[in-house]
Amino acid sequence: MPGQIIDVIATLAVTLCWPPYLWLFRPGRQNSSAPARRDLRSTLGIVLQFSGAAVVLVFRRPLFSPLLRIGIPLEIVAPVMAVILAVGAVWFSWLARSELGTQWRFAASIGAGHKLVQSGPYAIVRHPLYVSFFALTLATGIVWTDPGLLPLALILFAIGVWIRVKTEEKLLRQTFGAEFDRYAINVPAFLPRFKD
């Protein structure tokens, strides 16, 4: 019974994280000028990312059934971790999106006057928006999705991110050259490094 109550609360909390997350990327918050360089291959990555997120959202596990049937501690820890991931994802996305300002674009592109952002969340990881989207998708999968389909969703998502990262970093390398190379050496793509 305690696991079911926590599951309901966690499901509600994670679900309520989606509207503010999506609000961060609403139309009109990006630079409307035509990009100087664009790579439409990133569109395939976008489709795969959203396919992974759709699998997580559409395929609901039976209500009140635990994600993993291992026992009470995991039935409580998993939903709590999902809420922490979801709230953290929205917060980290907000920081990253604020740092980008009007430079943010949905598909991989570089606009006139584009600067290589290396501050805020971009000083920790090169792709904080993808890290956040993954965290929110995973959190949703923990509280919502049929466990058998969660790996499929995460694989689709990861392939989509890989495609987007490759296309975006190619554009950044072409535009910023050695400055981007130094940045890529010092700042990891997804998982922060902790220095001694």
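The values are calculated or read from the model by the stated rules, or taken from the named source; none is laboratory data. The model shown is predicted, which means the values in this text are computed figures rather than measured ones. Every residue, glycine among them, receives a Cβ derived from its backbone with ideal geometry; neighbour counts consider all protein chains shown.
Starting from the stretch 14-33, keep only residues that are farther than 15 Å from residue 144 by Cβ and at pLDDT 65 or above, then list their pairs with residues that are exposed (fewer than 14 other Cβ atoms within 10 Å of the Cβ) and not basic (Lys, Arg) whose Cβ atoms are within a distance under 8 Å, requiring at least 6 positions of separation or different chains.
Partner pairs satisfying both residue conditions: 25/106.
Starting from residues that are of a type in the set (A, V, I, L, M) and within 14 Å of the chain's Cα centre (by Cα), keep the ones in the stretch 164-196 and report whichever is surrounded by the most Cβ atoms within 10 Å (Cβ to Cβ).
Looking at the filtered set, the residue picked out is 165.
Could you identify the single residue in 143, 131 that is touching an Asp or Glu at 6+ places or on another chain (Cβ under 7 Å), crowded, with 16+ Cβ neighbours inside 10 Å and under 22 Å from residue 91 (Cα atoms)?
Testing whether each residue is touching an Asp or Glu at 6+ places or on another chain (Cβ under 7 Å), crowded, with 16+ Cβ neighbours inside 10 Å and under 22 Å from residue 91 (Cα atoms) leaves just 143.
Cβ-Cβ below 7 Å, separation at least six or inter-chain, first residue in the stretch 69-81 and exposed (fewer than 12 other Cβ atoms within 10 Å of the Cβ), second modelled with pLDDT under 85: which pairs?
Listed by first residue and then by second, the contacts come to 72/3.
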